[in-house]
Amino acid sequence: MGREVGVFLVVGATCAAANFGSGALIRHLRGPGPLDYEASVVGGFIVGTVLSFMLNRRFTFRVDDEPMLPQAVRFALAALTGMALSALLAPVLLRLVRAIAPSGLTPELAEELGHFATIGAVTVFSFVAIKFFALRPAAARGSEPPKGAVVSADSTT
């Protein structure tokens, strides 16, 4: 599990950078408006999540030899839960940043710090959801018989 945590953190940092960067780009392109901050956080989350699925499936949990569709469905469920958590936490953490930040902090920097805090908070949930639900190997889920088990007996030979 130590290797998985280390690789997950490297993958997570890569995905967080993609999340953070795409969220900032969305904010820049959209400009101010209703729900612009929340939309940029969710948009960044989607970019980071797609990248996370590809990298974690291949490098962290090494389950890219299993069927992708069931994994993608479970991953999407975990991601949607994480996105809801993100959407709920982002405004709360933004208010917290604004409450504890120095008075000279610009609104834009407060939003960036709030977004960054949201990514960090959702990381813990994501590891647990991905490891034990979304990308859990089929054998660990009980979907396959244990190695060496007799699957069927042919009495005609």
request  = Pick out the one residue from VAL92, VAL10, VAL41 that is surrounded by fewer than 17 Cβ atoms within 10 Å (Cβ to Cβ), farther than 22 Å from ARG136 by Cα and β-branched (Val, Ile, Thr).
outcome  = VAL92
In the stretch 74-92, the residues that are touching a residue at least 12 places away in the same chain (Cβ under 8 Å) and either outside any helix (DSSP H, G or I) or small (Gly, Ala, Ser) (or both) = ALA78, ALA79, GLY82, SER86, ALA87, ALA90
message = With the requirement that a residue be of a type outside the set (Ser, Thr, Tyr) and closer than 16 Å to LEU93 by Cβ, what does the stretch 40-49 give you?
response = VAL41, VAL42, GLY44, PHE45
query = Taking the condition under 16 Å from LYS131 (Cα atoms), more than 12 Å from the chain's Cα centre (by Cα), crowded, with 16+ Cβ neighbours inside 10 Å and not charged (D, E, K, R), does VAL63 pass?
reply = yes
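Here is a yes/no grid of residues against (1) aliphatic (A, V, I, L, M); (2) surrounded by 17 or more Cβ atoms within 10 Å (Cβ to Cβ); (3) more than 17 Å from the chain's Cα centre (by Cα); (4) at pLDDT below 90:
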{"position": "GLY2", "(1), (2), (3), (4)": "no, no, yes, yes"}
{"position": "VAL5", "(1), (2), (3), (4)": "yes, no, no, yes"}
{"position": "ALA16", "(1), (2), (3), (4)": "yes, yes, no, yes"}
{"position": "GLY21", "(1), (2), (3), (4)": "no, no, no, no"}
{"position": "LEU25", "(1), (2), (3), (4)": "yes, no, yes, no"}
{"position": "ARG30", "(1), (2), (3), (4)": "no, no, yes, yes"}
{"position": "VAL47", "(1), (2), (3), (4)": "yes, yes, no, no"}
{"position": "ARG57", "(1), (2), (3), (4)": "no, yes, no, no"}
task = Just give me the residues in the stretch 93-115 being more than 15 Å from VAL42 (Cβ to Cβ) and part of a helix (DSSP H, G or I), in sequence order.
result = ARG95, LEU96, VAL97, ARG98, ALA99, ILE100, PRO107, GLU108, LEU109, ALA110, GLU112, LEU113
Condition check for LEU77: of a type outside the set (Gly, Ala, Ser), surrounded by 14 or more Cβ atoms within 10 Å (Cβ to Cβ) and modelled with pLDDT of 90 or more = no
request  = List every residue pair whose Cβ atoms sit under 8 Å apart, with the two residues 6 or more apart in sequence or on different chains, where the first one lies in the stretch 40-69 and is free of Cβ contacts under 8 Å to residues at least 24 places away in the same chain and the second, anywhere, is surrounded by fewer than 18 Cβ atoms within 10 Å (Cβ to Cβ) and in a helix (DSSP H, G or I).
outcome  = ASP64/ARG58
Members of the stretch 108-127 that are surrounded by fewer than 12 Cβ atoms within 10 Å (Cβ to Cβ) and at pLDDT 90 or above = none
task = Return yes when ALA149 is farther than 22 Å from ALA16 by Cα and either aliphatic (A, V, I, L, M) or modelled with pLDDT of 90 or more (or both) and no when it is not.
result = yes
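The values are calculated or read from the model by the stated rules, or taken from the named source; none is laboratory data. Predicted, not measured: the structure shown is a model, and the values here were computed from it. Neighbour counts run over all protein chains shown; Cβ positions are idealised from the backbone, glycine included.
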